[in-house]
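The values are calculated or read from the model by the stated rules, or taken from the named source; none is laboratory data. Small disclaimer: the values here were computed from a predicted structure and weren't measured. Cβ placement follows ideal geometry from the backbone for every residue including glycine, while neighbour counts extend to all protein chains displayed. We work out accessible area using only protein heavy atoms, side chains counted, and drop any ligands, DNA or RNA first. Shrake-Rupley method; radii C 1.70, N 1.55, O 1.52, S 1.80 Å.
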Amino acid sequence: MKAEFKSSLLIAVMVFIFSSCSNDWGQSDPPAGNQVYPTMEKLVTYTFDTDEELDPLVFNLKSYPGGQQPAIIEDEIAASPVLSLDGGYVRMMNPWTVKESQAAASMTFWLKQVRKPVADNEARAEGDEEVQLEPQDISSPLFHWENENGSSKLDFSVNGWWKYTGVDGSWEVNNPTEYATGYITPDEWHYVALVLRDDSYGIYVDGEKKIDSPAGTDISNVVQFMTRAPYMFINYGADTHASFLIEDLTIYRNSISSKEIAQPKKGNIGGGGSGDEGPDLSKWIMVGADDNSNGFWQVFSEPVGLNGNGTIHYEFYNYTSGNENWHNWVLVITNNGGMSTGGDSELVVFRADNYGWGALYENNAVLSCDYNWDTFKEDMKGAYVSIDIVRNGTDIVITAVTTTADGKTYNYKMEVPNVNVPTIGTFFTLENAHLLFNPDATFVGRTYSNEEFTLGNKDKTSGFWSCWTPVEVFDTDFTNFGFEFINHHGANNWQGWNFVITNGKQAPDSGDGYAEQLFLRCDNYGWASLYEGCERTCNFDWTTYIDDMTDAKCRVYFKTDASGQFTMVARQTTADGRAMPEYRCKGDGFTFPLGIIFTCEGSWLDFSKVGYFPWVDMEPQQ
């Protein structure tokens, strides 16, 4: 495990009686902000729908000895023409060279790696009806870049292996000779998004984050090479070559957003709730009248508070009349963990249009944004907004990433120093707008970048009861506390996540009175003093369970009440985007102090969030 944490968190979800503010709030439209962020731009999409698309002035189609020249074929699953690379490769003019990237380069595409049969005749002769397939080739480059004389090269393989060798140095991650990541499994279609930044990189498969490395490593030379090399190759760059189908290759300048990362619908694949069909908004939380008739300071979201350091995160759709720049969302930061009652309780008011006020705004707050003010009013109609409020000591940084309905991305930031109160509160109001919040995205607690906080050995060799997360201790009833992580499952049903409810003590027993109230495994089995009295429900398909749990994205929520009743809810999504049946456990007789610890065996966990998910509905879901 690479990170530890000990401080408790406070979630404030309470409504206070409030007084209206002065009448001139929200009535001025200040000058536009400074442009300081690189802007995402789609440069080109190769749909590979017709042979005419393979313009010989752009694409050179080559075959290896005994192989086939790349060609466009029909694919039944994708339900469209796709580019087939079976013993051949493509050399093309590097599409990034048409416009200089500023701090990153991104690409998205559909991909299927096709394994070929081996020992087919022998297998059939022995009566084996299942044709044996080659092992997956995770080393051969899928994409390759090089300069004119071959002195600098960059490769990417399905293992997530980035490898750069150049006259200015070298860099690589996810070398398949060290371990297989399993990011992109063979013989099935996947939607892949890649982001290479000046100081980090991200790999997303079927809308799920596989890795998003923490900032810190200077790879700006790699980004510059990738976007300036004269040629880009597909299925080239090594002595061995895999077989691929590829479709809808899209090239972006700078970093893409969650909208481009989300898996779209494609033929008979994809559409896991984030693509063309859109998310199910029926359970989202609306603030404001849907005709945008509410005036300023008339309606409010429930407040969310944070004690000490941590992150508060919101995501919502912003709907506006579009009459004025300030007819949008407004975020309020208070000094009391809840809603504002006026006066000094409002530390900062953060308005969508690069303006604000409050006790710490004047002479303290620093704002920056890259909005296009000529199109701002239209851009905010139906825009999706992701906001982080990050506190570290006495400093607060608020960032808002706005994705417009037509795919443009804008960045907006406020830095607030000298916040000398132990607890802050946050809530939203608006003017001539309404907001639709994603309840599952709202969060307050600790966030971790990829592999910053892990449990268990990555080679899955951790034995039973050999690794533990630090205990989370609760002295009174609580609700909606949870853990978000990727479950890298082992070879057996039980080789995944497990949790322990203790008497508030840390595992293992160190002689300080450690005791277990409940031990529960991911595969619906457990033990300890209160296990037999627990009611457990799940409807897993045990024939596919191990595959389903491999690299599954897991959210495990907990709550208790004053009577001693305890509830756990696990909601999990497979690596290819399918929701697994809900897993629930409820029991009585639990006592405080109560501790929560995760452990694992023959597997490893990669945590991304630990804290409260205040707006998640923990009641049984269909």
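Summarise the accessible area of the chain (1.4 Å probe, protein heavy atoms) by the percent that is carbon and sulfur. After summing per-atom areas, the C and S share lands at 47 percent. For the stretch 453-503, take every pair of Cα atoms, bin their distances at 10 Å starting from 0, and report each bin as a whole percent. Pairs per bin, as whole percents: 17, 52, 25, 7.
With the Cα gyration tensor of the chain giving a ≥ b ≥ c as the square roots of its eigenvalues, does the rule (a/c under 1.5 for rounded; else a/b larger than b/c for prolate; else oblate) give rounded, prolate or oblate? Before the final figure, lay out each step's value.
Numbers: a/c = 1.97, a/b = 1.21, b/c = 1.63.
Taking the square roots of the gyration eigenvalues as a ≥ b ≥ c, the chain is oblate.
Across the stretch 71-223, the volume of the C-alpha convex hull divided among the residues equals 161 Å³ per residue.
At 222 nm, what value in deg cm²/dmol follows for the chain if DSSP H runs of at least 4 each add -39500 (n - 2.57) and the sum is divided by all its residues, to the nearest 500?
Numbers: 5 runs with 28 residues, N = 622.
Rounded to the nearest 500, the figure is -1000 deg cm²/dmol.
As a calculated quantity, the FRET efficiency between residue 188 and residue 420 at R0 = 45 Å, using C-beta atoms, amounts to about 0.25. Each Lys or Arg adds one and each Asp or Glu subtracts one; over the other residues with Cβ under 11 Å from the Cβ of residue 435, this totals -2. Extension gain for residue 93 to residue 541 (0.36 nm times residue separation, less C-alpha to C-alpha distance): 156.6 nm.
Suppose every K and R has +1 on its Cβ and every D and E has -1 on its Cβ; what is the size of the dipole of the chain about the Cα centre, in Debye to the nearest 20? Please list the in-between numbers first.
On the way: 41 positive and 87 negative charges, 227 e Å.
That gives the chain a dipole magnitude of about 1100 debye.
Length, then width, then depth: along the principal axes, the Cα atoms of the stretch 469-540 run 35, 25, 24 Å.
Think of the stretch 508-622 as a dipole: +1 on every Lys or Arg Cβ, -1 on every Asp or Glu Cβ, centred on the Cα centre; then among 591, 534, 558, 558 lies furthest on the positive end. Annotation: extensible slack from residue 51 through residue 406 equals 124.9 nm (criterion: 0.36 nm per residue apart, minus Cα-Cα distance). The modelled label-to-label distance between residue 282 and residue 464, using points 7 Å beyond Cα along the C-beta direction, is 4.3 nm.
The chymotrypsin sites (Phe, Trp or Tyr not before Pro) of the stretch 495-530 that meet both conditions, a loop assignment by DSSP and at most 16 other Cβ atoms within 10 Å of the site Cβ, are 525.
Which shape class applies to the stretch 465-619: rounded if a/c is under 1.5, otherwise prolate when a/b exceeds b/c and oblate if not, where a ≥ b ≥ c are the square roots of the Cα gyration tensor eigenvalues? Please list the in-between numbers first.
On the way: a/c = 1.62, a/b = 1.37, b/c = 1.19.
It comes out prolate by the Cα gyration axes.
For the stretch 44-72, list residues with backbone N below 11 Å from a point placed 7 Å from the Cα of residue 231 toward its Cβ? Once the point is set 7 Å along Cα→Cβ of residue 231, 60-62 turn out to lie under 11 Å by backbone N, inside the stretch 44-72. Mean projection of the Cα convex hull over all viewing directions, computed for the stretch 538-614: 6.4 nm².
Modelled this way, with points 7 Å down the Cα-to-C-beta line, the labels at residue 378 and residue 321 are 2.1 nm from one another. What's the FRET efficiency of residue 561 with residue 217 using the Cβ-Cβ distance as r and R₀ = 41 Å, to the nearest 0.05? Plugging the Cβ-Cβ distance into 1/(1 + (r/R0)^6) gives 0.30.
With protein chains left intact and a 1.4 Å probe, residues in the stretch 191-265 average 31 Å² of accessible area per residue.
Projected label points at residue 291 and residue 528, each 7 Å from Cα along the beta carbon direction, are separated by 5.4 nanometres.
Tell me whether the stretch 382-500 comes out rounded, prolate or oblate; compute the Cα gyration tensor, take square roots of the eigenvalues as a ≥ b ≥ c, and use a/c under 1.5 as the rounded threshold.
Working: a/c = 2.25, a/b = 1.69, b/c = 1.33.
Because a/c hits 1.5 or more and a/b exceeds b/c, the stretch 382-500 counts as prolate.
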